[in-house]
Amino acid sequence: MLFPIQGFFSMHRTQTSPFWICLILVSALGLILRIAPSLEAQEIYDSQKETIPKMTPKEVVETVRLPEGFSITAAASEPNVQQPIAMAWDPSGRLWIAENYTYAESAKKVDATLSDRIVILEDADNDGVFEKRKVFAEGLQGLTSIEIGGSSTRGVWALAPPHLLYLKDTNLDDVADSEPQVVLSGFNADIRHNFANGLRFGPDGWLYGRHGILGSSEVYAPGSPLPPGALAPGTLAPGALVPTATRIVGTIRPVVTIPPVKTKLTCGIWRYEPASQRVEMVCEGTTNPWGMDWDDHGNLFFINTVIGHLWHAIPNAHLQRMYGEDSDPYVYELLPQIADHVHWDQSAEDWRETRKGPPSSRTDAAGGGHAHSGLMIYQADQWPKEYHGNVYALNLHGRRINRDFIKPSGAGFLATHGPDMVFWQDPWFRGLDLTQSPDGSAMVIDWSDIGECHDDDGVHRTSGRIYKVSYNNPDQVPYIDLLKTLSGLYRADRTKQPTVTGQDVVSIVSHPNVWFTQQFFKHYTLNGFASPVKDPGPLVHMAINAPKDFRSQEARFEVTKQLRALWALKACKLLDNEKLLQLLKTKQHESVRSWAIRLLLDPMWKSGPIPTSNPGDREIQLEILDCLLANSRPHAHPHLRLTLASHLPKLPDVFEPIVKKLLMSEDLADDLTFSLVLWYGIKDQVVENPMEMVKSIQSSPLHKVQELVLRRLASMVTEKHPDGQLASDALAFFFADAVQRDNPTLHAACIRALWGAYQGRLQVDKPAYWDPLKSLASKHPDPAVMRLAVLVGSIVDRTDDPAPLLQIIAMKDVPLMERKVAVEAIGNIDTAEAIDHLERLMEDPDLGNAAAFAMRRTLSKPRAQALVERYTQASQPARAGIISALASRVDSIEVLLNAIEKNTIPQDHIDATTWRQFQSAGNWELLERARKLNKSLEISGNRQELIEKEEALLTPEAIQKGGIDFGRIVWINKCGTCHKLYGEGGQIGPELTGAQRTNLRYWLENILAPSALVAENYRVTALRMQDGRVITGVVVSETPRELTVQTAQEKIVVFAAEIEQRSASQMSLMPEGLFEGLTQDQKASLLKYLMSSPQELARQKRINDPQERASQKRTDEP
């Protein structure tokens, strides 16, 4: 646990401070605060050895490769800046730095003896070097990011999980006051890596942030307000501190204490509105977002690592993830990144291989590697014009700035790779973020470390750099006077009226450098003034009146200025619904209209315990509908339609007519982004109005939306939803029409919908019109649709004929996973013929495991005994399947234990996952017998001692003596079912290619103590079903009526009502005891295989392959 508020300040006050009152109240809410010594009084130490010489700032600058005309300066370096994890500007042009010292190596995670601080850097003479430095606050822990502005009092927002803090500086002495305010709490403080980060104010006045994948947070505002009139008399606001009863005129009246409204945050982008204290996810998905920026028209993009680097943060979107399932089990499909490329050689290298050192030549040409941090969309006039509007991100392993070009594509955007532009030769360079400065240059913060973000080899805390990348442009628009204006506003006496005029604001938003506009927004958001701008007429005129020829590329900056003026009106509290509705009624650029819709709908809070509803809401929604219809020649602009689709949950009054119009977007029929965002907006209405929804999609050209609507309806039927009959009727209505149409694309959507709803289930009632639909699918031009129809039929037709499934199995060119599904389907047929086919398939090297495991479907004790008798002669894959099948049921697991005790099945063939089944079976007698065979089933002892023991035995010399080929065999048997390595293996657990593969300690900790810090996505649940099945796995999605569980062998759907007993644990899906039964030689060989590079494995393959050896011999011959 991190305790982020600690002895903030060096100043002390003799009077009773409001801080202590705050401390008492906040502590009563469960927000832990404690005091720690000043950072200056602590010893900052380096736990990382300097195995690589550290270059001086001068040496670094001299060796950086830059495009012609650019220059670089070391603006700051240690000791003036150390461990810079984040930065933010104030309107005076000073750079604020968050220094994080508490981040520790993986074995320690957090060093609670240290604390973090916020410092202010100033370049007073504008020579590119920060010569002034002051400590604003210290004593924090777990500090991940900061932001300036957005409040009626000057200060800093600081994100230090579990809290979002606001640190005031009322007297402008650049030292934080002594009353820290906990603004939000509940951020997950147990995440060492992929934690919440990235505070940035958006143009809409919301404070945005990011969240990683290794956990989720339940965030709330202490004392959260509810909408006016939401509370009944005698009740209190959420989080209010009251006694359990209040004495009124001699009587006791109960007082209801409403708990704080909590919002779940998971990986992706979130935002917080300070005025209303609302928190919401903007979009969900990806891995570890660590950089974001808005383009000139207010579209938010962010950078990510591993699975794809560049993403469009569409509101209400669900994006692809590195692993795990989306928080909503009904989104079904996830959006991909917008880039058409990755920054490594995807054809020859796994992304994790780029972590080991300098990139290969082809990865170098592609961009340098998979890991990215920081994102800047350049919007200034210092750099040459060809650099304007491009996306720039730091490539961690490539030690460079990547450059991508973004252009509109359909309803969304497409990014292509441009030439990378800045290359550091410093092996210590670890760029974390980059941002524009007032003069139009770019600032880059450098963590400066030998390791990477995981820091298994320690942390170098006494290093840190800030670089300034500039271009000498004599034609740059002057900015010094504008900077002085902003600085004067920032430091003005706030008890007096400001002197800024509407024309002043027009000058600010008209400057080519967006930095000035951003700082103005931050300064005025929530500034507390009733009328902060005198004579706002020029600003209003710019915001409301569209520029001439606004669709031409030459007029783009004019549209940008109009949008900036619109956002400035909001920041200054001069924007009302009348002005926004005027934008919808007049001819405007699609970006202006889209923002008008967003700003109109933002106040409509449909989440929380009591949604808001204002009398003017319906009028606003009708005007939005008119805007959509008035622009239907034949359609409104795709970007406007995407905005509407992403905001549909806020449009209940005119939901149906807008949806119908959007569903007829034939020009976007092949646009996956539009179809999925539209689906995300309507999916909940499918449950509310099944028949109305199928009528709406009946003639839609958006077949992906049709498929997902039908899948949701079919799922309502299979999961026994209370309105399942309504859903069944709606399906019948749609299918009755579909089978009459000569439309193979429509028929494919129907088949895919049913398969999506039915897969993982044992048996489902046949849907209406299935027979004619199946007949149409059997003649479909796409063979994949024909095969899916067969698989659906195996679930709904209840036939004993395995012939159609055997045809799929025999197709060698069909994806192996599809063939395995067909094998699994044969397991549902309880006939001697089906069993005979499975027994023969058990000898297939690709399908043997699946065939043996499929036997569990009809497994009785006699059949279980027959499997035991086949074990000795079975192939290796089939053996693993036999063991898993025997362990899957309460009655057959005893047969397995008998075989182990008799050594019919050798004990060392039983993996740790199977041993865990004895714990889940709920039979104490069997568990006691199993414990006599495997001591790891006892309550775990000290895993640290075991790790240290193995580390001492498995020296580099011992591992080197191991055999790569032997290690691969061990890996296949022990790890390959769940993990993938170099394209081989399962996908249940994280992929192991790359990982921290050269680090022995990493492997030992994950193998011997996998539950020490398990991500939420891999925590185990044990289920004992009423029919005798024992299921141990991770619940990947759950509804009130059913669970989807990922076991080590399969993903299965079970009804909640059929669960006899459910036990959850903090244990990982990967069990302890992987090393049980392995000899030291097997352990060394396994580790050698895991720690080998692709080149070493390729060389070993050539040695083992006679054809490769012969080919190499011919090549070597003169």
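Among the residues that make up region 407-417, is at least one of them surrounded by fewer than 21 Cβ atoms within 10 Å (Cβ to Cβ), at pLDDT below 95 and β-branched (Val, Ile, Thr)? Taking every residue of region 407-417 in turn, none turns out to be surrounded by fewer than 21 Cβ atoms within 10 Å (Cβ to Cβ), at pLDDT below 95 and β-branched (Val, Ile, Thr). Only residues that are closer than 17 Å to Ala738 by Cα and under 37 Å from the mean Cα position of the chain (by Cα): list them for region 778-805, please. Selection gives Val785, Met786, Ala789. The set of residues from region 648-658 being part of a loop (DSSP other than H, G, I, E, B) and surrounded by fewer than 22 Cβ atoms within 10 Å (Cβ to Cβ) comprises Pro652, Asp653, Val654. Criterion applied to Arg889, Arg857 was being within 30 Å of Leu754 (Cα to Cα), outside the structural domain of Val1030 (by TED's automatic domain parsing) and buried (at least 23 other Cβ atoms within 10 Å of the Cβ), and the one residue passing it is Arg889. Would you say Pro67 is more than 15 Å from Ser441 (Cα to Cα) and not in a strand (DSSP E or B)? Against the criterion (more than 15 Å from Ser441 (Cα to Cα) and not in a strand (DSSP E or B)), Pro67 does not qualify. Entry remark, region 659-685: residues being more than 12 Å from Gly410 (Cα to Cα) and assigned to a helix (DSSP H, G or I) number 15 in total.
Let's see how each residue does on (1) touching a residue at least 40 places away in the same chain (Cβ under 8 Å); (2) hydroxyl-bearing (Ser, Thr, Tyr); (3) surrounded by 20 or more Cβ atoms within 10 Å (Cβ to Cβ):
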residue: Asp771; (1), (2), (3): no, no, no
residue: Ser775; (1), (2), (3): no, yes, no
residue: Gly793; (1), (2), (3): no, no, yes
residue: Ala832; (1), (2), (3): no, no, no
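Within region 926-937, residues that are within 13 Å of Ile910 (Cα to Cα) reach partners that are modelled with pLDDT of 85 or more and exposed (fewer than 15 other Cβ atoms within 10 Å of the Cβ) with beta carbons closer than 6 Å, at six or more positions or on different chains, in the pairs Leu933/Gln907. Residues that are free of Cβ contacts under 8 Å to residues at least 40 places away in the same chain and outside any strand (DSSP E or B) were ranked within region 109-152; the one that is farthest from Tyr471 (Cα to Cα) is Asp111. Residues that are over 24 Å from Ala442 (Cα atoms), of a type in the set (Gly, Ala, Ser) and under 33 Å from the mean Cα position of the chain (by Cα) number at least 1 in the following helices (runs of 4 or more DSSP H) confined to region 506-589: 556-571. Could you grab me the full set of residues in region 686-724 that are within 24 Å of Glu284 (Cα to Cα) and not in a helix (DSSP H, G or I)? Within region 686-724, Leu702 is the sole residue that qualifies.
Residues in region 446-491 that are surrounded by fewer than 22 Cβ atoms within 10 Å (Cβ to Cβ) and hydroxyl-bearing (Ser, Thr, Tyr): Thr462, Ser470, Tyr471, Tyr479, Thr485, Ser487, Tyr490.
Within region 470-481, one or more residues are closer than 28 Å to Lys385 by Cβ, touching a strand residue (DSSP E or B) at 6+ places or on another chain (Cβ under 8 Å) and assigned to a strand (DSSP E or B).
The values are calculated or read from the model by the stated rules, or taken from the named source; none is laboratory data. On a predicted model such as this, the values are computed, not experimentally measured, just so you know. Counting neighbours? That spans all protein chains shown, and the Cβs are built from the backbone with ideal geometry, glycine included.
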